[in-house]
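Okay, so here's the structure we're looking at.
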Amino acid sequence: MTVQQAGDKNGLDPKKKVRRAGWVVLGLILLAGLLGYGGYYLSTGTNEGARVHTQGNAVGGSFRVFSLGGGMVTEGDFQGSWTVVWFVDPRCPPERCQPPLKALDQTLVTMKQKGRKTLPLVVSLDARAEDPDTLKDYVMGVAPHIFPVFATPNMTQAMTRLFHAPYALEPGQTYYQPAPSFVVMSPEGHYAGMIPVTDDTTVLTAGLEQLMARSGQNRE
């Protein structure tokens, strides 16, 4: 006599049936996860530069950078203050790039004395950021009120596009060209204008006050 194993009418072992259903459920979960990651990948891209936005500005917008302590800094941290943005490479010869930093620092002190809340956003063009102490010494050695920031190469390149600054090596040199202008953003995060880079504190202060006055008139 042949003994038949217990099963359904199709002859499938119930244990095998449950095991197969389990694999189907696991497969669906994995598929859902992959589809979810795919949606995120398509929406943000692997390039961090995809995460910057103009926010309706002709120049400037959102960004994600790091402080020397490693903390994240975004455009939201500057809300309520006038922001002066400049891109500089700490490998730039000191005699060329440190005088504007000193002028900007002194201008910030003057603005504070006048009750104008003004913050600098000095972004390092040396995106490798292998030695934050070098960046700190280069900037704060002559501009103690300026705390520089750095970003990944993708974010740095995206930010220079956003703020209309060059991202190219100085011809025949190994450092990046400093931005030719200071970009000024209003306390609301709107583009207010540009001031040509200068090492003259009086000129920089006057230019900043002029943009502040003009922006104030536009808001009235």
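The values are calculated or read from the model by the stated rules, or taken from the named source; none is laboratory data. Note that the structure is predicted; figures quoted are calculated from it, not measured. Glycine gets a Cβ as well: all are built from the backbone with ideal geometry, and neighbour counts include every protein chain shown. What goes into the accessible areas is simple: the full protein's heavy atoms, side chains included, and nothing from ligands, DNA or RNA. Shrake-Rupley method; radii C 1.70, N 1.55, O 1.52, S 1.80 Å.
Taking θ as phi - 60° and the Karplus parameters 6.51, -1.76 and 1.60, the scalar couplings of the stretch 168-182 work out to 8, 5, 4, x, x, 10, 10, 10, 7, 5, x, 4, x, 9, 8 Hz in sequence order, x denoting glycine and proline.
Taken along the Cα-to-beta-carbon direction at a fixed 7 Å, the label points for Leu169 and Arg214 span 3.6 nm.
Of Met194, Met140, which has the most accessible area and how do the rest follow, probe 1.4 Å? Don't jump to the answer; show the numbers that get you there.
Working: Met194 70, Met140 45 Å².
Descending accessible area places them as Met194, Met140.
3J(HN,Hα) along the stretch 145-160: 9, 10, 10, x, 10, 9, 8, 5, x, 5, 5, 4, 5, 5, 5, 5 Hz, from the Karplus curve 6.51 cos²θ - 1.76 cosθ + 1.60 with θ = phi - 60°, whole Hz, x for Gly and Pro.
Would you be so kind as to identify which of Pro196, Gly172, Met155 lies farthest towards the positive end of the dipole of the stretch 92-220, taking Lys and Arg as +1 and Asp and Glu as -1 on Cβ and the Cα centre as origin? Most positive-ward Cα: Pro196.
Suppose R0 equals 22 Å. What FRET efficiency, 1/(1 + (r/R0)^6) with r the Cβ-Cβ distance, do Asp137 and Gln79 give to the nearest 0.05?
Details: r = 30 Å, r/R0 = 1.34.
After rounding, the FRET efficiency stands at 0.15.
For Phe182, the residues whose amide H sits under 5 Å from its own are Ile195, Val197, ignoring neighbours fewer than 5 places away on the same chain, with H placed 1.01 Å from N. Computed from Cα atoms alone, the Kirkwood hydrodynamic radius reported for the stretch 74-170 is 13.9 Å.
Across the stretch 102-114, coupling constants 3J(HN,Hα) worked out from phi with the 6.51/-1.76/1.60 Karplus curve, θ = phi - 60°, read 5, 5, 5, 4, 5, 5, 4, 5, 4, 4, 5, 5, 8 Hz, and Gly and Pro carry x. Counted residue by residue at 0.36 nm each, then reduced by the alpha carbon distance between them, the extension gain from Gln106 to Glu188 reaches 27.2 nm.
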